[in-house]
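Visitor: The following block contains the structure, expressed as structure tokens.
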Amino acid sequence: MFVDFKRMAENRRERQELFLLKERIDKYTGKDDDSSAQDSIMDILNILKNFPMTFELLVDTRIGQSLGDVVKKYGEAEVAQLA
């Protein structure tokens, strides 16, 4: 049986990075509605736009729930549309 240890390590790094991004989104979503929080969330969303997302990562990290919170908080703003 072939085990791809390199891919397993990459998956672990991707999962850790995604958890950190999710924590940052949650932190900024919980703050008052100021432009610096919105700018920070935009920066994170631009990183996520190019992230190698898989269904497994979505389920494990629950980042979709955090993005849903961004949409609820910012409504029709550009940040919500990017989320």
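Visitor: Test each condition in (1) touching a residue at least 12 places away in the same chain (Cβ under 8 Å); (2) open to solvent by less than 70 Å² (accessible area, probe 1.4 Å); (3) not in a loop (DSSP other than H, G, I, E, B) for PHE19 and report the one that comes out false.
Guide: Just one mismatch for PHE19, condition (2).
Visitor: Mind telling me which of the residues GLU78, GLU56 ends up being farther than 29 Å from ARG7 by Cα and of a type in the set (D, E, K, R)?
Guide: From the options GLU78, GLU56, the qualifying one is GLU78.
Visitor: For the range 35-60, give me each residue that is of a type in the set (S, T, N, Q), at pLDDT below 90 and part of a helix (DSSP H, G or I).
Guide: Result: SER35, SER36, GLN38.
Visitor: One residue is enough: does the range 62-78 have a residue meeting the conditions surrounded by 15 or more Cβ atoms within 10 Å (Cβ to Cβ) and in a loop (DSSP other than H, G, I, E, B)?
Guide: Within the range 62-78, one or more residues are surrounded by 15 or more Cβ atoms within 10 Å (Cβ to Cβ) and in a loop (DSSP other than H, G, I, E, B).
Visitor: Can you tell which of ASN50, ASN11 is out of contact with any strand residue (DSSP E or B) (no Cβ under 6 Å at 6 or more places or on another chain) and open to solvent by less than 60 Å² (accessible area, probe 1.4 Å)?
Guide: ASN11
Visitor: Being within 20 Å of LEU58 (Cα to Cα) and free of Cβ contacts under 8 Å to residues at least 24 places away in the same chain is the filter here; which residues of the range 29-46 pass it?
Guide: Pass one, the range 29-46, residues within 20 Å of LEU58 (Cα to Cα): 29, 41-46.
Once the filter is applied, which keeps residues that are within 20 Å of LEU58 (Cα to Cα) and free of Cβ contacts under 8 Å to residues at least 24 places away in the same chain, the range 29-46 yields ASP43, ILE44.
Visitor: Which residue pairs have Cβ atoms closer than 7 Å, lie 6 or more positions apart in sequence or on different chains, and pair a first residue in the range 53-64 that is under 16 Å from ASP26 (Cβ atoms) and in contact (Cβ under 8 Å) with a residue 12 or more places away in the chain with a second residue that is assigned to a helix (DSSP H, G or I) and among the aromatic types (Phe, Trp, Tyr)?
Guide: Hits for this filter: THR61/PHE19.
Visitor: If ASP32 meets every condition in (1) exposed (fewer than 10 other Cβ atoms within 10 Å of the Cβ); (2) charged (D, E, K, R); (3) assigned to a helix (DSSP H, G or I) apart from one, which number is that one?
Guide: It is condition (3) that ASP32 fails.
The values are calculated or read from the model by the stated rules, or taken from the named source; none is laboratory data. Remember, predicted model here, so these are calculated numbers, not experimental data. When we count neighbours, we look across all protein chains shown, and the Cβ atoms used for this are built from the backbone with ideal geometry, even at glycine. Just the protein is used for accessible areas: all its heavy atoms, side chains included, with ligands, DNA and RNA removed. Shrake-Rupley method; radii C 1.70, N 1.55, O 1.52, S 1.80 Å.
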